[in-house]
1. What are the residues in segment 121-160 that are outside any helix (DSSP H, G or I), crowded, with 17+ Cβ neighbours inside 10 Å and not charged (D, E, K, R), if any?
2. Among the numbered criteria (1) modelled with pLDDT under 95; (2) outside any strand (DSSP E or B); (3) in contact with a helix residue (DSSP H, G or I) (Cβ under 8 Å, 6 or more places away or on another chain), which one does MET72 miss?
3. Within segment 293-308, which residues are part of a helix (DSSP H, G or I) and either of a type in the set (Asp, Glu) or surrounded by 18 or more Cβ atoms within 10 Å (Cβ to Cβ) (or both)?
4. Which one is nearest to TYR80 (Cα to Cα) among residues in segment 244-303 that are of a type in the set (S, T, N, Q) and under 17 Å from the mean Cα position of the chain (by Cα)?
5. Anything in segment 19-50 that is in contact with a Lys or Arg (Cβ under 8 Å, 6 or more places away or on another chain), buried (at least 18 other Cβ atoms within 10 Å of the Cβ) and assigned to a helix (DSSP H, G or I)? List them, or say none.
6. Please give the number of the condition GLY248 fails out of (1) over 21 Å from LEU117 (Cα atoms); (2) free of Cβ contacts under 8 Å to residues at least 24 places away in the same chain; (3) not hydrophobic (A, V, I, L, M, F, W, C).
7. For segment 51-69, enumerate the residues that are outside any helix (DSSP H, G or I) and in contact with a helix residue (DSSP H, G or I) (Cβ under 6 Å, 6 or more places away or on another chain).
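The values are calculated or read from the model by the stated rules, or taken from the named source; none is laboratory data. It should be emphasised that the depicted structure is a prediction, and the values quoted were computed from it without experimental measurement. Cβ: placed from backbone, ideal geometry, glycine included. Neighbour counts: every protein chain shown.
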Amino acid sequence: MIKTITYHLRDVIPYINWIYFFHAWGFPPRFAGIADVHDCAGCRAGWLNQFSEEEKARATEAMRLYDDARQMLTKLDATYHSYVRFGLYDANSDGDNLVFWSDEEGDAKKEFRLPLLRQQQKKTEGPFLCLSDYVRPVSHGIRDKVGVFCATVDEEIEHLYEKDEDYDPFVHMLCQTLADRMAEASVEKMHEEVRKIYWGYAPDEQLSIKDLLLERFQGIRPAVGYPSLPDQSTNFDLDAWLDFSRIGIRITETGAMIPHASVSGLILAHPQAKYFAVGKIGEDQLQDYASRKGKPVDAIRKFLTANL
């Protein structure tokens, strides 16, 4: 199945991970605690008083930034939306590849392959991981399932207060950082709905949003460009199956997405699935990976410079 969801911003705002918002503004994680504080003056004063005298000015700045962000979110909610598109596919692993099966029947049934990378650096303990390890092997003769997703927000949000008479560099950056967080929050909400409803492998899940942000649910959703799925050219493969343009995402020749506030990746349900970093790989794996992707080695090398 493939499904597109349009969210009102008010529905995804509760799923914002404020730690990453404050990180974008140069604040350590402890300052994001203001998002968990009741709005009354006493509670806010109590939160402020937990900081040392040396840090109170910085904490006050964080409080003001949070207030500005909430006011902007209320304003944006009146006009803009976020969008998620996901597909749930019959799939299996085949070595370091994922094999996706189309919904077509009989002889027309198609196979799509997604090559992946495996850890290769020396380790003191534990296996050398690849995301395909968390999907049932094709040799078992039983289909598993893998999700593919992309998400974004209305592109105009990123350009608000950017130029002309409305130019305001602070408010412009505020809109950009909030756009990033809303795209991620939309994926968080979508993933919850996938687990409980659309895929339904965790129908009885009862987690608070705090638990969700601490990733206390079953499964993972590795994003393209992140440590376990570092090759940004993977976006070309996922786009071919999911058609990112259906929610307004364009992909550049480098595999980057426009709007910038966009995210894409996989959804895996294995109860032991965990995030990991592929890290450095050797020339042997690079050549094998390029061969599996059907691309020249040098064409793939430019996407994996950080891993070589």
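1. Scanning segment 121-160 gives LEU129, CYS130, VAL135, VAL146, GLY147, VAL148, PHE149, CYS150, ALA151, THR152, VAL153, LEU160.
2. For MET72, the failing item is (1).
3. LYS293, ASP298, ILE300, ASN307
4. So the residue we want is SER262.
5. PHE21, PHE31, ILE34
6. GLY248 satisfies all of (1) over 21 Å from LEU117 (Cα atoms); (2) free of Cβ contacts under 8 Å to residues at least 24 places away in the same chain; (3) not hydrophobic (A, V, I, L, M, F, W, C) except (2).
7. Scanning segment 51-69 gives a single hit, PHE51.
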